[in-house]
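Down below is the structure, laid out as structure tokens.
Quick note: the coordinates plus some simple rules give every number you see, no bench work behind them. Just so you know, these numbers come straight off a predicted model, no measurement behind them. When we count neighbours, we look across all protein chains shown, and the Cβ atoms used for this are built from the backbone with ideal geometry, even at glycine.
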Amino acid sequence: MDKFRMIFQFFQSNQESFMNGICGIMALASTQMYSAFDFNCPCLPHYNLAYGLGILLVPPFILFLLGFVLNNNISMLAEEWRRPQGQRGKDPSVLRYMFCSMAQRAMIAPAVWVSVTLLDGKCITCAFCTSVPVESLGNASHPRLSHGEIQRVLAQIPCKEIYNGQQLIANEVAVRYLRCISQALGWCFVLLMTTLAFLVRSLRPCFSQAAFLKSRYWSHYIDIERKLFDQTCAEHARSFAKVCIQQFFEGMSRDLVAARCHLPRKVPADAGEAAEKLLGITDQGTMNMALKSWHRCKPPLHLHPPALPTGNGWAGEGQPPTHPSAPRKETAAYYSWV
């Protein structure tokens, strides 16, 4: 149980670890989905190709979109891309980094599905059973069979229980031929994906390490800034609700005092603390204006240090300001002993 807790804490440590965990879970889920999937080839000439390629390509596309949906950064990327320019410029390199990062993670589950499907071989056997070379693997001189009938017989190769073309080509021979081709394609696909991942991981720092670090830093900054803004808004909303409720009950108590002449109760001590957290935003219109201002013109990424009071005639960070002084005139004096 402690190991699972440590793994869960690692996934929650930062956004990247969380998304890596989600992608790993989706990759495992894709293999479980394929193993639990009941593959039934229609064994008809005009439907085998569509069914086989559909099982090979449609689920990976769905898993790819699902990887984008489960990624929390997709809304952040869309918001950063569509927001007005405002006081802060938009860096295209940061947006590209965020999109590429999400796309790489979203491609893990589809790549696993395609690899498992090709290595299993059922989809390729169903899709291309009518393309088996009968001339080299079977009896091409079988009498009384037209081209359409041969296609109909070959389309039944994935369905061993209804196949009746042993005189044309043996079912085991055709299935083994197609499965070998499918497994070869699967291993080539795995090798290609592994090579691409290795090249991306190893060669990218050799060319654009500084730009990569910059994009990664500001991508993390946007994520952290969004989380802190949400937390600040939630804290303000909690304080706003607390003050509203306290004012409501204070008004009700005053009405009861006026009607029944009871002594008012003591005001809660935390009312002042909640009012301080409002930061002067005490009505709905002002809060809506603040939210619109944050979206339209985010503050620039430039921190201004607070200026010291100018009581002694200067303000700075511990040292008086330096003013350009006029050039001094140097005079040489000669003394002689007479």
(request) Report the FRET efficiency, 1/(1 + (r/R0)^6), for SER253 and LYS90, where r is their Cβ-Cβ distance and R0 is 41 Å, rounded to 0.05. (result) 0.20
(message) Using square roots of five times the C-alpha gyration tensor eigenvalues, list the equivalent-ellipsoid semi-axes of the stretch 142-214 in whole Å, biggest first.
(response) 50, 11, 9
(request) For the stretch 43-152, would you read off the P(r) tail past 15 Å as a percentage of all alpha carbon pairs? (result) 74 percent
(request) Pop out the ³J(HN,Hα) list for the stretch 225-239 in order, Karplus 6.51 cos²θ - 1.76 cosθ + 1.60 with θ = phi - 60°, rounded to Hz; leave Gly and Pro as x. (result) 4, 5, 5, 5, 5, 5, 5, 5, 5, 5, 5, 5, 5, 5, 5
(request) Show me 118-128, 278-288 ranked by packing, highest mean number of other Cβ atoms within 10 Å first. (result) 118-128, 278-288
(message) Using only the alpha-carbon atoms of the stretch 26-96 as identical scatterers, what base-10 log of I(q)/I(0) does the Debye formula give at q = 0.18 Å⁻¹?
(response) -0.81
(message) Using the Cα centre of the stretch 30-95 as the reference point, and only Cβ charges (+1 on K/R, -1 on D/E), how large is the resulting charge dipole? Debye, rounded to the nearest 20.
(response) 280 debye
(message) If each residue of separation counts as 0.36 nm, what is the full-extension length gain between PHE68 and LEU301 once their alpha-carbon separation is subtracted?
(response) 81.0 nm
(request) Pop out the ³J(HN,Hα) list for the stretch 118-129 in order, Karplus 6.51 cos²θ - 1.76 cosθ + 1.60 with θ = phi - 60°, rounded to Hz; leave Gly and Pro as x. (result) 5, 5, 6, x, 5, 5, 5, 4, 6, 6, 10, 5
(request) Output ³J(HN,Hα) for the stretch 153-158: one whole-Hz value per residue in order, computed from phi by the Karplus curve 6.51 cos²θ - 1.76 cosθ + 1.60 with θ = phi - 60°, and x for Gly and Pro. (result) 5, 5, 5, 8, 4, x
(message) Once R0 is set to 22 Å, what does the formula 1/(1 + (r/R0)^6) return for the Cβ-Cβ distance between SER202 and ALA103, expressed as a FRET efficiency to the nearest 0.05?
(response) 0.70
(request) Using a Förster distance of 41 angstrom, determine the FRET efficiency expected from the C-beta separation of GLU172 and THR195, and round it to 0.05. (result) 0.75
